[in-house]
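A.B. asks: What follows is a structure written as structure tokens; I'll ask about it next.
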Amino acid sequence: MKVLATYNIKGGVGKTATAVNLAWIAAREGHKTLVWDLDPQGAATFYFRVSPKVKGGGDRLVRGKRELDALVKGSDYAGLDLLPADFSYRNLDLALADAKRPERRLDKLLRPLEESYDLVFLDCPPSISLVSESVFHAADALVVPLIPTTLSLRTYEQLGGHLDDEGLDRPTILAFFSMVDRRRRLHRETVDELLARDPRLLRTEIPYSSTVEQMGLHRAPLGSYAPHSPVAQAYERLWTEVWGRTGGDR
Amino acid sequence: MLGSPVTDIPPVPFSIPRGTDAATLIDALRGHLSLGLREEPARNPTLTLLDTFDWRVHEAGGYLALEAAGKARRLTWWPPDASAALASAPVPGLPRFVTDLPPGDLRERLTTVVETRALLPLVRLRSHVRPFDLIDGSEKTVLRLTLEEHRAEGAGHRNGPWLRRLRVLPVRGYPQAVDEVLRLARGPLGLSAEERPLHEEALAAVGRAPGDYSSSLDFQLAPDQRADAALQVVLRRLLDTALANEDGIRRQIDTEFLHDLRVAVRRARSLLGQVKGVFPDRNVQVLRKELGWLGSRTNVARDMDVYLHALETYRGALPSGLADRLEPLRGFLLEHRARAYRDLGVMLDSARFRRLVHRWRGLARRPSPRRPTAPRAAQPIARVARKRIWRAYRGVMRAGSAIRRSSPPRALHEVRIACKKLRYLMEFFRSLFPAESIGQLIKALKAFQDNLGEYQDLAVQQDQLRGFERAMAREGGLPAKTREAMERLVEHLAGRQAEVRQHFAERFAEFSGEETTGTFRRLFRAAPKPGEASA
């Protein structure tokens, strides 16, 4: 089982769209896939038309009182399940703080899912907190969307620095440019310059697109309503790259 | 443990009674449901069920189906309840052998089950599937239904009746929807649960049932049954097995048809040779002689099958430069195999073969005479079986104990033959003895036989390869490098044989250990008291 987390310290960069669309593609390719919506805003949960409610809330979940099995909801797509968000996740930090070895907690909760899923996507709330610490320990790779602006890039560097400080060799950071508007000179130049300079960056860029914004209207992954749109195609390429960088079918 | 793995929820299939039409059913559903019902585009897939002649996929659990929808073909291994695919792969068409499948999970898992057997299309299901989604207020699918019509088509069979199903496919995390629909189906809709899985229904429609062929000896004998009647049960089964494989041999479907026929013939011959005084001697002698003839007429074809299969192993045993030099041997084997199978066809068409089958059937089916001339015909089978097994066991022990370090290969060959005789008897009469004990003995014997068998195989292979060399030279097809490769192979096999020989004493000591010996004594030695045989 591979655990991928879509993560950025900064919000509004396309994390949830990335998790939902990549998970949809992965499931279509035959990988049993679970999306765990860890963000109390519950955007991924909304896209899958599931009501954001976890019985007993994040607190009981973290304490291991609720089995994940009972909380999973099937999505409308074969091989793709969802662990919905709950508004109580806003206090997940506090719940984790009470747990033993909080940074290992998520990893431990995920382990029983090993037999059922090939892939788990963690859709994380922005910020660095106990939740993200726990995510760093559980994930094989962080899939990090970057908007080509100075501020966004600073957070990418912060993240790299943070993981280095912690001395973690895992997770791998898989950063890529998201919401790129090639009509804007700043975007164009930033993307081209950084891609040339940093070989670790994924080569695929996801264009800024109103088709992505319509996910909220359709309440569905892109591939299900606009499979031939350029942005859906870009997600396909992104998935190929992510899958390859995380070892593929190894 | 913080949680259990997420389990797949099996679908719930219902049969639709003949009088009920689809439109009425859908209307009734809509009328009763608290949820929305949305119809999705219908599909018209064709499903072909495949298995080996001896039902290996069924034995391993589930069934194998090739689904054709439009131009796409997909082969999927389903569990018996069709809940979630065990493994699946896209394929260009019907595969014949597992080696025709694309590399991957399905091929790997099937290889260990199917081995070298061919996958045979058993029945084709033409289907019309109407999928429905049950949706909640957010238009989230909380349950799926399929309304299905299937019709079975088998080779040489009329089309089966339409099989109609309503399948309830739960979506994880929405148990209330499942409860509601199941209540509806059983109540107002008046549907009953499917009696047997669709794939079995389809097979039945063309006159097949999973497991309707097996080469194993899984019949039940009664301890006090008359010996002649009991032996007839065995002989009938062996005859059925032999004949069931005839067509597959003629059509050269795979190599195991011939193998199964040979085993049945060998078993029958061994039975008639070992259990004397049950049928009139004259009948037995003639049939035994003819079975010997049949066996020997199949030897060349089997050898070619075996050596062609062994070629890959042989290549692996040689340095890479020499491995390719074995190709002329492959050519030689293929050519001789083609000839041998042609000869088999001639043999199967011969009057002598037909007479043999007639004789075999005659002995296996004749009514038991009230006053038999054969001395042991009317004895209880348990007594006869016990005596013969004990005698065969002593034969093994005698031959085995006589083996010394210096004993010639011939002596080991004799031990092997003695073991085979014992093994056959124990398998024929297995049902007369306590299952666990005889199971253990057969297992112990098998372990011992494996050693002897390997030793003998290695000896035979060396002789055969030398024989092939001479024949290839005669036929003008033995390049010097090929000769060298084959010589190297013979050396390699001789080395292995010496290694295997070293283990004989150890294996025999295991087989003649206290526990096994004790069980043999307990089961077979003592004169039976009434009623003890089945204990």
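A.B. asks: Can you give the average number of partner chain beta-carbon atoms within 10 Å of each beta-carbon in peptide A:69-79, as a whole number?
C.D. replies: Mean partner-chain Cβ count within 10 Å for A:69-79: 5.
A.B. asks: Would you calculate a helix-derived [θ] at 222 nm for the protein assembly as shown, using -39,500 (n - 2.57) for each DSSP H run of n ≥ 4 and dividing by the full residue count, to the nearest 500?
C.D. replies: Computed mean residue ellipticity for the protein assembly as shown: -16000 deg cm²/dmol.
A.B. asks: Extending each Cα 7 Å along its Cβ direction at B:ASP224 and B:LEU33, get the distance between those two points in nm, one decimal.
C.D. replies: That separation, rounded to one decimal, is 6.3 nm.
A.B. asks: Sticking with this structure for a sec: Write down Rg/Rh for region B:224-281, rounded to two decimals, with Rg from the C-alpha atoms and Rh from the Kirkwood relation over Cα pairs.
C.D. replies: Using only Cα positions, Rg/Rh for region B:224-281 is 1.09.
A.B. asks: Please list, in chain and number order, the residues 5+ apart from B:GLY173 or on another chain whose amide H is under 5 Å from its amide H, with Hs placed from the backbone.
C.D. replies: A:GLY74
A.B. asks: Which whole-Hz couplings ³J(HN,Hα) result when phi for each residue of region B:489-505 is put into the Karplus expression 6.51 cos²θ - 1.76 cosθ + 1.60, θ = phi - 60°, listed in order with x for Gly and Pro?
C.D. replies: 5, 4, 4, 4, 5, 5, x, 4, 4, 4, 4, 4, 4, 4, 8, 3, 4
A.B. asks: Using only atoms on other chains, find how many Cβ atoms lie within 10 Å of each Cβ of peptide B:78-85 and report the average.
C.D. replies: Shielding by partners across B:78-85 averages 1.
A.B. asks: Could I ask something else about it? Say each of A:LEU217 and A:GLU157 gets a label point 7 Å from the Cα, pointing the same way as Cα to Cβ; how far apart are those two points in nm?
C.D. replies: Rounded to a tenth, the inter-label distance reads 4.0 nm.
A.B. asks: For the charge dipole of the protein assembly as shown, defined by +1 on Lys and Arg C-beta atoms and -1 on Asp and Glu C-beta atoms about the Cα centroid, which residue among A:PRO40, B:ALA22, A:ILE25 has the Cα displaced farthest towards the positive pole?
C.D. replies: Farthest towards the positive end: B:ALA22.
A.B. asks: In the structure displayed, which of A:LYS73/B:LYS140; A:LYS2/A:LYS32; A:LYS10/A:LYS100; A:LYS53/B:LYS140 lie more than 21 Å apart, Cα to Cα?
C.D. replies: Checking Cα-Cα distances, A:LYS10/A:LYS100 exceed 21 Å.
A.B. asks: Roughly how many Å is it from the Cα centre of region A:82-153 to that of region B:438-503, as a whole number?
C.D. replies: First find each Cα centre; the distance between them is then 60 Å.
A.B. asks: Count the net charge of all other residues whose Cβ sits under 13 Å from the Cβ of A:ARG237, scoring Lys and Arg as +1 and Asp and Glu as -1. Walk me through the numbers on the way to the answer.
C.D. replies: Details: positive: A:ARG203, A:ARG245; negative: A:GLU205, A:GLU236, A:GLU241.
After counting each charged neighbour, the total is -1.
A.B. asks: Related question: If the viscosity is 1.567 mPa s and the temperature 4 °C, what translational diffusion coefficient in µm²/s does Stokes-Einstein give for region B:70-181 when Rh comes from Kirkwood over Cα pairs? Could you put the intermediate results ahead of the total?
C.D. replies: Values: Rh = 16.9 Å.
It diffuses with D of about 77 µm²/s by this estimate.
A.B. asks: Right, another one. Separation between the B:ALA338 and B:GLU515 pseudo-spin-labels, each 7 Å from Cα along Cα→Cβ, expressed in nm?
C.D. replies: 5.4
A.B. asks: Tally up the carbon and sulfur contribution to the accessible surface of chain B as a whole percent, 1.4 Å probe, everything protein left in place.
C.D. replies: Ligands and nucleic acids excluded, carbon and sulfur give 50 percent.
A.B. asks: In µm²/s, what is D for chain A at 37 °C and 0.692 mPa s, where D = kT/(6 pi eta Rh) by Stokes-Einstein and Rh is the Kirkwood radius from Cα pairs?
C.D. replies: Here the translational diffusion coefficient equals 181 µm²/s.
A.B. asks: Also, quick follow-up: Restricting attention to region B:115-199, which trypsin sites (Lys or Arg not before Pro) occupy a DSSP loop and are surrounded by at most 11 other Cβ atoms within 10 Å? Before the final figure, lay out each step's value.
C.D. replies: Working: sites: B:ARG117, B:ARG124, B:ARG126, B:LYS140, B:ARG144, B:ARG151, B:ARG158, B:ARG164, B:ARG165, B:ARG167, B:ARG172, B:ARG183, B:ARG186; in loops: B:ARG117, B:LYS140, B:ARG158, B:ARG172.
When the trypsin sites (Lys or Arg not before Pro) of region B:115-199 are filtered for loop state and at most 11 Cβ neighbours within 10 Å, B:ARG158 remain.
A.B. asks: Which of the trypsin sites (Lys or Arg not before Pro) found in region B:49-82 are loop residues per DSSP with 13 or fewer other Cβ atoms within 10 Å of their Cβ? Before the final figure, lay out the partial values.
C.D. replies: On the way: sites: B:ARG56, B:LYS71, B:ARG73, B:ARG74; in loops: B:LYS71.
Passing sites in region B:49-82 are B:LYS71.
A.B. asks: Here's a follow-up. If you bin the C-alpha pair distances of the protein assembly as shown every 20 Å from 0, what whole percents do you get?
C.D. replies: The calculated distribution, bin by bin, is 13, 32, 30, 22, 3, 0.
A.B. asks: Mind checking region A:11-98 for trypsin sites (Lys or Arg not before Pro) that DSSP puts in a loop (not H, G, I, E or B) and that have at most 12 other Cβ atoms within 10 Å?
C.D. replies: A:LYS55, A:LYS65
A.B. asks: Now a separate question. If you take every DSSP beta bridge fully contained in chain A, what fraction is antiparallel? Give it as a percent rounded to 5.
C.D. replies: 5
A.B. asks: Mind checking which of B:ALA411, B:LEU441, B:ALA385 is farthest towards the positive end of region B:380-528's charge dipole, using Cβ charges of +1 (Lys, Arg) and -1 (Asp, Glu) about the Cα centre?
C.D. replies: Going by the Cα projections, it comes out as B:ALA385.
A.B. asks: Residues with amide H under 5 Å of B:GLU40's amide H, sequence separation 5 or more or different chain, H placed in the peptide plane at 1.01 Å from N; which?
C.D. replies: B:PHE132, B:ASP133
A.B. asks: What longest range of chain B stays clear of loop-exposed GluC sites (Glu not before Pro) (DSSP non-H/G/I/E/B, at most 16 other C-beta within 10 angstrom)?
C.D. replies: Answer - B:196-474.
A.B. asks: Run down the lysines and flag those whose C-alpha is under 29 Å from the C-alpha of B:LYS289, throwing out any fewer than 8 positions away in its chain.
C.D. replies: Partners within reach: B:LYS276, B:LYS387, B:LYS420, B:LYS421, B:LYS446.
A.B. asks: Please express the Cα-Cα pair-distance distribution P(r) of region B:1-146 as a list of whole percents, one per 10 Å bin, running from 0 to the bin with the greatest distance.
C.D. replies: Per 10 Å bin, starting at zero, the Cα-Cα P(r) for region B:1-146 comes out as 10, 31, 28, 21, 9, 0 percent.
A.B. asks: Let me ask something additional. At 4 °C and 1.567 mPa s, what whole-number value in µm²/s does Stokes-Einstein give for the translational diffusion of chain B, with Rh from the Kirkwood sum over Cα pairs? Present the calculation step by step, with values, prior to reporting the outcome.
C.D. replies: Values: Rh = 27.7 Å.
Translational D for this selection: 47 µm²/s.
A.B. asks: Under the definition of partner shielding as Cβ atoms of other protein chains within 10 Å of a residue Cβ, what is the mean value for peptide B:134-143?
C.D. replies: On the way: counts 0, 2, 3, 2, 6, 4, 9, 5, 5, 1.
Partner Cβ neighbours, averaged per residue: 4.
A.B. asks: Mind jotting down the three principal axis lengths of region A:87-171 based on Cα atoms? Whole angstrom, largest first.
C.D. replies: 40, 30, 29
A.B. asks: Give me the compactness ratio for region B:211-328, meaning the Cα radius of gyration over 2.2 N^0.38 Å. Spell out each step's value before the answer.
C.D. replies: On the way: Rg = 18.8 Å, N = 118, 2.2 N^0.38 = 13.5 Å.
Normalised Cα radius of gyration, region B:211-328: 1.40.
A.B. asks: For region B:206-228 and region B:101-117, what is the separation of their Cα centres, given in Å?
C.D. replies: A separation of 29 Å, based on Cα centres.
A.B. asks: May I pose another question? State the three equivalent ellipsoid semi-axes of region B:380-528, derived from the C-alpha gyration tensor as the square roots of 5 times its eigenvalues, in descending order and whole Å. Kindly include the intermediate steps, with their values, before the conclusion.
C.D. replies: Details: eigenvalues 300, 52, 28 Å².
Largest first, region B:380-528 gives 39, 16, 12 Å.
A.B. asks: Here's something else I'd like to know. For region B:124-139, what does the Karplus curve 6.51 cos²θ - 1.76 cosθ + 1.60, with θ = phi - 60°, yield as ³J(HN,Hα) per residue in whole Hz, taken in order and with x for Gly and Pro?
C.D. replies: 10, 10, 8, 10, 10, 10, 10, x, 10, 10, 9, 10, 8, x, 8, 6
The values are calculated or read from the model by the stated rules, or taken from the named source; none is laboratory data. The structure presented is a predicted model; accordingly, all values stated were derived computationally and were not measured. Cβ atoms come from the backbone with ideal geometry, glycine included; neighbour counts cover every protein chain shown. The area values use the complete protein model at the heavy-atom level, side chains included, leaving out ligands, DNA and RNA. Shrake-Rupley method; radii C 1.70, N 1.55, O 1.52, S 1.80 Å.
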